[in-house]
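Since the structure comes first, as structure tokens, the remarks are kept for the end.
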Amino acid sequence: MSQAAPALLSVRDLKKYFPIRGGWFQPKKFKRAVDGVSFDIPQGKTLALVGESGSGKSTVGLMILDLLPPTSGDVLYGGRNVVGRRGSDWLAFRREMQVVFQDPYSSLNARMNVGEIVSEGMGIHGIGGTQAERLRLAGELLERVGLPAGAIDRYPHEFSGGQRQRIAIARALSVRPKFIVCDEPTSALDVSVQSQILNLLRKLQREEGLTYLFITHNLGVVEYLADEVCVMENGVIVERGSVETIFDHPQQEYTKRLLSSIPSLDPVHRKIRAAEAVGS
């Protein structure tokens, strides 16, 4: 019997409370955006964090990346706590943990060309001896994500949404991370382009051994990529399990409602699409 892969990322009792403005003499109140979330992501695997807008899933992602301080709880990466690290220690974690945001139209700096966007992180982390070398590496990364190396001289407005998201993925890969938070990376894209981006993420995971936290409101895209699913509602995880368990035997009414919004849940079609993703 093979042993389970060790957890690269562990989240323990993570909480984020935001103060709610009230009157001068009223007791202080808080919105519990995230209220005691815990999960593990084994190395090389994908955990999908699923929920409707306002469920707290993106707040979890920001706390994992140390872009938002938690009210309490721990984020352990390789057994070491990420929360509160600063200086060179924080920079080392920043290199290993990257993010692909939801909107490829706003997440890329319109004033920078693609070569500058993709190579910027390399300069910060000391990858490549010269800018010429970093641009060469940027061109290779663009080819890996399905764009021509010559695109380094062009600007984001010259590309479609799907192409911009490929640029964002190349940027995330540029510092050679092990863990990537994918925060709704396909929700702003057409359905046909969504599958291309999901297949690309899966291909890169196989080639690089990447570990993903995939944040989405749409359970329909989870089947392409995830190994395990956590369903969030009102800041807490209400259901978790494998993709097969969540899709075929959901327990919570909230999960069933999310599933009901997917056009087709035919298990045969699901297996066909999964095979297509593996073969891409």
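The values are calculated or read from the model by the stated rules, or taken from the named source; none is laboratory data. Please read all numbers here as calculations on a predicted model, not as lab measurements. With ideal geometry, Cβ positions are generated from the backbone for all residues, glycine too; neighbour counts draw on all protein chains shown.
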- [ ] State yes or no: is G115 in a helix (DSSP H, G or I), within 22 Å of A170 (Cα to Cα) and modelled with pLDDT of 95 or more?
- [x] yes
TODO: Count, please, the residues in the range 206-240 that happen to be among the small types (G, A, S) and on the phi > 0 side of the Ramachandran plot.
DONE: 2
- [ ] Considering each of A168, A92 in turn, give the residue that is closer than 19 Å to L67 by Cβ, within 14 Å of the chain's Cα centre (by Cα) and assigned to a helix (DSSP H, G or I).
- [x] A168
Open item on the list: Looking at G54, G36, G73, can you tell me which residue is in a loop (DSSP other than H, G, I, E, B) and out of contact with any helix residue (DSSP H, G or I) (no Cβ under 7 Å at 6 or more places or on another chain)?
Closed with: G54
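For (1) free of Cβ contacts under 8 Å to residues at least 24 places away in the same chain; (2) surrounded by fewer than 18 Cβ atoms within 10 Å (Cβ to Cβ); (3) in contact with a Pro (Cβ under 6 Å, 6 or more places away or on another chain), each residue gets a yes or a no:
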{"residue": "A110", "(1), (2), (3)": "no, yes, yes"}
{"residue": "E120", "(1), (2), (3)": "no, yes, no"}
{"residue": "G129", "(1), (2), (3)": "yes, yes, no"}
{"residue": "I152", "(1), (2), (3)": "no, no, no"}
{"residue": "R166", "(1), (2), (3)": "no, no, no"}
{"residue": "S174", "(1), (2), (3)": "no, no, no"}
Open item on the list: Residue under question is K57, and the condition is that it be at pLDDT 95 or above and among the charged types (D, E, K, R); does it hold?
Closed with: yes
TODO: Out of L141, L108, report the one residue that is touching a helix residue (DSSP H, G or I) at 6+ places or on another chain (Cβ under 8 Å), among the aliphatic types (A, V, I, L, M) and modelled with pLDDT of 95 or more.
DONE: L141
Open item on the list: If a residue must be farther than 11 Å from V50 by Cβ, at pLDDT 90 or above and not polar (S, T, N, Q), how many such residues does the range 186-227 contain?
Closed with: 15
Task: Among residues of the range 215-242, those that are touching a residue at least 40 places away in the same chain (Cβ under 8 Å) and out of contact with any helix residue (DSSP H, G or I) (no Cβ under 6 Å at 6 or more places or on another chain), counted - done: 13
- [ ] Take the range 16-34 and flag every residue that is surrounded by fewer than 17 Cβ atoms within 10 Å (Cβ to Cβ) and at pLDDT 95 or above.
- [x] Y17
